[in-house]
1. In what sequence, highest mean first, do 14-21, 112-119 appear when ranked by Cβ atoms within 10 angstrom?
2. Cα atoms only, the stretch 1-117: Rg and Dmax in Å?
3. Compute the length gained on full extension between residue 2 and residue 32: take 0.36 nm times their separation in residues and subtract their Cα-Cα distance, giving the result in nm to one decimal.
4. Pick out, from 13, 54, 23, the residue whose Cα sits farthest towards the positive end of the charge dipole of the chain, with +1 on the Cβ of Lys and Arg and -1 on the Cβ of Asp and Glu.
5. Among 210, 173, 198, whose Cα sits farthest toward the positive end of the charge dipole of the stretch 150-233 (+1 at Cβ of Lys/Arg, -1 at Cβ of Asp/Glu, about the Cα centre)?
6. So what are the ³J(HN,Hα) numbers for the stretch 26-35, from phi and the Karplus equation (6.51, -1.76, 1.60; θ = phi - 60°), rounded to whole Hz, Gly and Pro as x?
7. State whether the stretch 1-43 is rounded, prolate or oblate according to the following rule on the C-alpha gyration tensor (a ≥ b ≥ c being the square roots of its eigenvalues): a/c under 1.5 gives rounded; otherwise a/b larger than b/c gives prolate, and the remaining case gives oblate.
8. Determine the calculated [θ] at 222 nm for the chain from helices alone, applying -39500 (n - 2.57) to every DSSP H run no shorter than 4 residues and normalising by the residue count; nearest 500 deg cm²/dmol.
Amino acid sequence: MRVRFGILVFPGSNCDRDALWAVREVLGQEGEFLWHQERIPPDRFDALILPGGFSYGDYLRAGALARCSPAVELVAEYAERGRLVLGTCNGFQILTEAGLLPGALHRNDSLRFHCGWTHLRVENPATPFTSLCREGQVLRIPVAHGEGNYFADPDTLAELERRGQVVLRYATAAGEVTPAANPNGSVGNIAAILNQRGNVLGMMPHPERAVEGLLGSADGRLIFESMIRFLTA
């Protein structure tokens, strides 16, 4: 059985092809683009990916306009049905704007665009997106964003921590969570969070850009392969 991935495409998306290459060419699954104005039958895909980029030029706020598109309404329906949803970078921003994940993503604390490699410590391996990882494992995955500074109020943060919804945290190569390892000022060095139900993940780094050793790291495969294992078990 092959997993059917739907990859949303907005005006300004620039990681849609990377995501398609990762799931179809590298991992041998089915992948198909889904234009932001499309509506499709709810059983067409097993999982949806909201890729990185600058949807609608990031006008107003990153993800603020994309969250109003018909395709994002579809994302909410898929999430409600228990299907897996992965939002990376701009996709994470869209998921928070749409209320599918708590908190918000602000401008980087440096007020500059940040592009480079980061190390991520796995905080919760018991999710459909990290089941092939071990707790404390460090992944090497790149980031490229100007608004990746995750923020939530203290009560929400406490709840995220208590429920194990903080999935990945920026860290050093040795797995130490330090301010210097944080590329954008995210509270608690948070790089990825999960919804309460456990089927929607938002992460600022780009796993689709780290699926082949030739690119500098294949650690991003663990995210996609965990999804595939969950959906085909």
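1. 14-21, 112-119
2. Values for the stretch 1-117 (Cα only, Rg and Dmax): 14.0, 45 Å.
3. 9.5 nm
4. With unit charges placed on the Cβ atoms, the residue in question is 23.
5. 198
6. Values, residue by residue: 8, 9, x, 9, 8, x, 8, 6, 10, 5 Hz.
7. Since a/c reaches 1.5 but b/c is at least a/b, the shape of the stretch 1-43 is classed as oblate.
8. -5500 deg cm²/dmol
Just so you know, all these numbers are worked out from the coordinates, no wet-lab data involved. Owing to the predicted nature of the structure, the values given are computational and were not obtained by experimental measurement. Quick reminder, even Gly has a Cβ in these numbers, built from the backbone with ideal geometry, and neighbours come from all protein chains shown.
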